[in-house]
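A.B. asks: Before I ask anything, let me first share the structure, which is written out below as structure tokens.
The values are calculated or read from the model by the stated rules, or taken from the named source; none is laboratory data. Here the structure is a predicted model, which means the values were calculated and not measured. In this analysis, Cβ positions are derived from the backbone assuming ideal geometry, glycine residues included, and neighbour counts consider all displayed protein chains. The protein model used for the area step is the full one, side chains on, heavy atoms only, and it has no ligands, DNA or RNA in it. Shrake-Rupley method; radii C 1.70, N 1.55, O 1.52, S 1.80 Å.
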Amino acid sequence: LSAPPLDCIGFPGGTFGHDDSFPRPEVEHHMLGIIEVLEEHPEVKVGVFAHASAKGSKAYNKKLSDRRARALLALLTHDHDVFSKVAEEESWANTHYKAMLRALGCNPCEIDTAMGPNSATAVRAFQEEFNADVFHPQEIDGAPTRIHGDLDPDGALGPLTKAALREAYVVRVAPLSPPLTLDRIVGPKDLHVSGCSELNALSPDATPGQNRRATLALYPGDEVPQSFPCKAGDVSACPVDSGGHRTCSFYRETVNEPEASNEDTVLFWD
């Protein structure tokens, strides 16, 4: 194995909250870099890796980082079903949906659990804009087709509105047109992504926030790993050694991720 010659695209610390797999709205900025690279290198394959801090057990963090990787894959491929499954597994709260509202231009004011008048106004604005195909503009070639039907503009954050929010969020914060297809994703068989638990710290002195990140490894056709050792939910399958702060030998040898200083942490904007 050898490290790929192309640098990785990183979703830096702050992409995910503590004990959370929701890709925060900052990912939109990094998605723009992905579009540019993939257009310049149409032959490149993409490996999706997600990480966790060392808080909690390695086994718990393995499942958490698996979910983070799946959520990111859902954005890259516009897979609404996978995104919703992660949301359901973690029981995403009002804070998550209010963050989606703000990212979609419907500002609920504070990003918290309360649902007051400002939140109801933001939800109603989203419902009306969703019904008007603001997030799925049909006059634009290649625009994604709307999956969910019209919403009752009642200002209530009910199950149908939450589903529509997830749909709009996926296509808006990941403006890949067309989205990636699974034949461009390389990873463990049937999984497509790799959750790395806490095994691959960003740097020796990285903060917990910095390590809550994701990495897209870019592999030219002749540099794609032939097999991945990763197994969903099973940290014992990871080839761990004493090779430094990145203790997975597979990751070390196949992912060209640079280290970063503590100043590189990206914080959520609320």
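A.B. asks: Could you check the spin-label model distance between S57 and E90? Points 7 Å from the Cα along Cα→Cβ, value in nm.
C.D. replies: Between S57 and E90, the label points sit 2.1 nm apart.
A.B. asks: In what sequence, highest mean first, do 50-56, 210-216 appear when ranked by Cβ atoms within 10 angstrom?
C.D. replies: 210-216, 50-56
A.B. asks: Antiparallel versus total DSSP beta bridges in the chain: what percent is that, nearest 5? The partial results should precede the final answer.
C.D. replies: Working: 11 of 16 bridges.
Percent antiparallel among DSSP bridges in the chain is about 70.
A.B. asks: Give me the accessible area per residue for segment 1-107, probe 1.4 Å, as a whole number in Å².
C.D. replies: Values: 4190 Å² over 107 residues.
Dividing the accessible area of segment 1-107 by its residue count gives 39 Å².
A.B. asks: What part of the accessible area of segment 112-258, given as a whole %, is carbon or sulfur when the probe is 1.4 angstrom?
C.D. replies: Here it works out to 53 percent.
A.B. asks: Quick one: 3J(HN,Hα) in Hz for segment 180-197, Karplus 6.51/-1.76/1.60 with θ = phi - 60°, rounded, Gly and Pro as x.
C.D. replies: Calculated HN-Hα couplings, in order: 5, 9, 5, 6, 9, 9, 10, x, x, 4, 6, 9, 6, 9, 10, x, 9, 6 Hz.
A.B. asks: Same structure again: Place a +1 charge on the Cβ of each Lys and Arg in segment 32-97 and a -1 charge on the Cβ of each Asp and Glu, then give the dipole magnitude about the Cα centre in debye, rounded to the nearest 20.
C.D. replies: It comes to approximately 580 debye.
A.B. asks: Tell me, what % of the accessible area of segment 9-68 is carbon and sulfur with a 1.4 angstrom probe?
C.D. replies: 55 percent
A.B. asks: Could you size up the charge dipole of segment 67-206 around its Cα centre, putting +1 on the beta carbon of Lys and Arg and -1 on that of Asp and Glu, and report it in debye to the nearest 20? Let's see the in-between values first.
C.D. replies: Values: 13 positive and 20 negative charges, 58 e Å.
The calculation lands at about 280 debye.
A.B. asks: Rolling a 1.4 angstrom probe over the protein heavy atoms, how many square angstrom per residue are accessible across segment 160-224?
C.D. replies: 35 Å²
A.B. asks: In terms of the Cα gyration tensor, with a ≥ b ≥ c the square roots of its eigenvalues, is segment 140-186 rounded because a/c is under 1.5, prolate because a/b exceeds b/c, or oblate?
C.D. replies: Because a/c hits 1.5 or more and a/b exceeds b/c, segment 140-186 counts as prolate.
A.B. asks: Which shape class applies to segment 52-111: rounded if a/c is under 1.5, otherwise prolate when a/b exceeds b/c and oblate if not, where a ≥ b ≥ c are the square roots of the Cα gyration tensor eigenvalues?
C.D. replies: oblate
A.B. asks: Rounded, prolate or oblate: which one fits segment 153-240, using the alpha carbon gyration tensor with axes a ≥ b ≥ c (rounded when a/c is under 1.5, else prolate when a/b beats b/c, else oblate)?
C.D. replies: Here segment 153-240 falls in the prolate category.
A.B. asks: Under 8 Å for C-alpha pairs, at least 6 residues apart: give me the relative contact order for segment 120-258, rounded to a whole percent. List each step's numbers first, then the result.
C.D. replies: On the way: 121 pairs, mean separation 25.9, N = 139.
Rounded, it is 19 percent for segment 120-258.
A.B. asks: By how many nm would the segment from T113 to H18 lengthen if fully extended, with 0.36 nm per residue of separation less the alpha-carbon distance? Display every interim value, and only then the final one.
C.D. replies: Numbers: separation 95, 0.36 × 95 = 34.20 nm, distance 1.63 nm.
Gain on extension, T113 to H18, equals 32.6 nm.
A.B. asks: Can I ask one more? Please find, in a Gaussian network model of the chain (springs between Cα atoms separated by less than 10 Å), the residue of E40, E257, E129 whose mean-square fluctuation is greatest.
C.D. replies: Of E40, E257, E129, the Gaussian network model singles out E40 as fluctuating most.
A.B. asks: Run the quick spin-label model on A120 and D183: label points 7 Å from Cα toward the beta carbon, then report their separation in nm to one decimal.
C.D. replies: The two pseudo-label positions are separated by 5.1 nm.
A.B. asks: Which one, V134, Y169, A260, is farthest towards the positive end of the dipole of the chain when Lys and Arg carry +1 and Asp and Glu -1 on their Cβ?
C.D. replies: Result: A260.
A.B. asks: With everything on Cα atoms, drop me the angle between helix 27-40 and the longest principal axis of the chain, reported from 0 to 90° to the nearest 10.
C.D. replies: 60 degrees
A.B. asks: Using label points projected 7 Å from each Cα along Cα→Cβ, tell me how many nm separate E43 and A237, to one decimal.
C.D. replies: Using points 7 Å along Cα→Cβ, the separation is 3.0 nm.
A.B. asks: Relative contact order of the chain, please, whole-number percent, based on alpha carbon pairs below 8 angstrom and at least 6 residues apart.
C.D. replies: 38 percent
A.B. asks: Straight distance only, please: which aspartates and glutamates reach the Cα of K58 with their own Cα at less than 16 Å, same-chain residues fewer than 8 apart left out?
C.D. replies: K58 reaches D19, D20, D66, E198, D234, D241.
A.B. asks: Then there's this: Once Lys and Arg get +1 and Asp and Glu get -1 on their Cβ, which of A74, P12, W92 lies farthest toward the positive end of the dipole of segment 1-106?
C.D. replies: Going by the charge dipole, the pick is W92.
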